[in-house]
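Working notes, structure below.
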Amino acid sequence: MNGVEISRRHYLSSVAPGLRGVRHAAALIGPGSEVLGYDDDVSPDHDFGERVQIFRPGHETVGEFFAAWLGFDPGDGVTVADWLLTPTQIFASLTRGAVFHDPDGELARYRAAIAWYPDDVWRYALAAGWLKVSQEEAFVARTGSTGDDLGSRVLAGRLVRELMRLAFLVERRWAPYAKWLGRAFGELSLAARLTAPLKTAMATESWRERQEMICTAGSTLAEATNGLGLCPALDPSPRQYYTRDIRVLAADRFTVALAAEITDPVLLGVIDRVGRRHEIPKLPGTIDQAIDSTDVVGAAARFRTAGPLLGLGRPDTA
């Protein structure tokens, strides 16, 4: 029996009877592999068992619980800064799991408020994701061709991770933390087309095949990005990198196209503040795209301070 079902039965049999007639909501959300549905025989060795969060007016409220994890109360609205500063793993932990009792619909409203990015924030995150791909996509072949096989493999691994995270963005799914990224990726519709080239890119002995598999996966995601209708469609085919014996998607084309469709004044301010390299915006992206520290992205007290790093400026201007 999985953790969600254990907790549901615990609530119904042991907790709910004692709260009969008391206004409350009940759920299992927040941290834990069982919240994501990924608990197994190993999970019970820590922080696992019959547990449920109870929310009562005048005691612990839904707003207080969400604010403790997010650093803001989504019941008061979600700003552009809130979207950019919150790690996707936090959004995932609060929108997955299970709600056992919600007579006033308050938990449902809170979860709906952070269900997915507004379109311009979505464009910005996608643009930043494609920019990260473009910044290293030529290096797999460049390092491999010089005999640096280990360096080429490391770069391929970095690109595989970025392409996986782009797949979550395309499918409007919050990516979980690193331990469960691969498993959650396997649940995406795009995984049926992406898994084989991404695995080959990681396993092949040939840097040329490594390069080709990255291009194949990139083209698949480019087609999927076109299908979102967030920017004019672009040719998803790989091409030669300048005059070199290197093939790339030229992923920054999507960065330019997506950024050009953004009209939100806060995001435009970020783009102007950070600047451009030629015509390509320099996008720090969301907190997950800019920072890869567990101790930062796991605590609101730290990730909420990263506004200037993301180009947001002072908190009162974001």
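Here, each number is a calculation from the coordinates, and none is a lab measurement. These numbers come from a predicted model, not from an experiment. Cβ coordinates were reconstructed from backbone atoms using ideal geometry, including for glycine residues, and neighbour counts include every protein chain displayed.
Each other residue within a Cβ distance under 10 Å of PRO74 adds +1 if Lys or Arg and -1 if Asp or Glu, for a net charge of -1.
Build a GNM of the chain with springs between Cα atoms under 10 Å apart, and of ALA217, ALA260, ALA112 the one that fluctuates most is ALA112.
Over the chain, the hull volume per residue, using the convex hull of the C-alpha atoms, is 147 Å³. Counting only whole DSSP H helices of the chain, the ones at least 24 Å long by C-alpha along their axis and with mean Kyte-Doolittle hydropathy no lower than -1.0 are 119-136, 149-170, 207-227.
Two numbers describe the Cα atoms of segment 182-290: Rg and Dmax, which are 15.9, 47 Å. Note on the chain: dipole from Cβ charges, positive end direction compared against VAL78, ALA138, THR255; the farthest Cα belongs to ALA138. Of the residues HIS24, HIS278, HIS101, the one that moves most in a GNM of the chain with alpha-carbon contacts below 10 Å is HIS278. With springs only between Cα atoms under 10 Å, which of TRP130, TRP180, TRP116 fluctuates most in a Gaussian network model of the chain? For the chain, modelled as a Gaussian network with Cα springs under 10 Å, the answer is TRP180.
What's the FRET efficiency of LEU309 with SER145 using the Cβ-Cβ distance as r and R₀ = 30 Å, to the nearest 0.05? Efficiency, from the Cβ-Cβ distance: 0.30. Taking a sphere under 15 Å around the Cβ of PRO17 and counting the other residues whose Cβ falls inside, with K and R at +1 and D and E at -1, yields a net charge of +2. For segment 3-113, the spread of Cα positions along the three principal axes, ordered from largest to smallest, is 41, 38, 19 Å. Helices in the chain, meaning DSSP H runs of at least 4 residues, each add -39500 (n - 2.57). Divided by all residues, the mean residue ellipticity at 222 nm is -14500 deg cm²/dmol.
Charge dipole (Cα centre; +1 on Lys/Arg Cβ, -1 on Asp/Glu Cβ; no other charges) of segment 119-262 amounts to roughly 320 debye. Considering only ALA25, HIS10, GLY129, the residue lying farthest towards the positive end of the dipole of the chain is GLY129, judged by Cα position with unit charges set on Cβ. Rounded if a/c is under 1.5, else prolate if a/b is larger than b/c, else oblate: which is segment 45-177, with a ≥ b ≥ c the root eigenvalues of its Cα gyration tensor? Cα axes put segment 45-177 in the prolate bin.
For segment 6-41, trypsin sites (Lys or Arg not before Pro) are listed when DSSP marks them as loop and at most 11 other Cβ atoms sit within 10 Å of their Cβ; the list is ARG20, ARG23.
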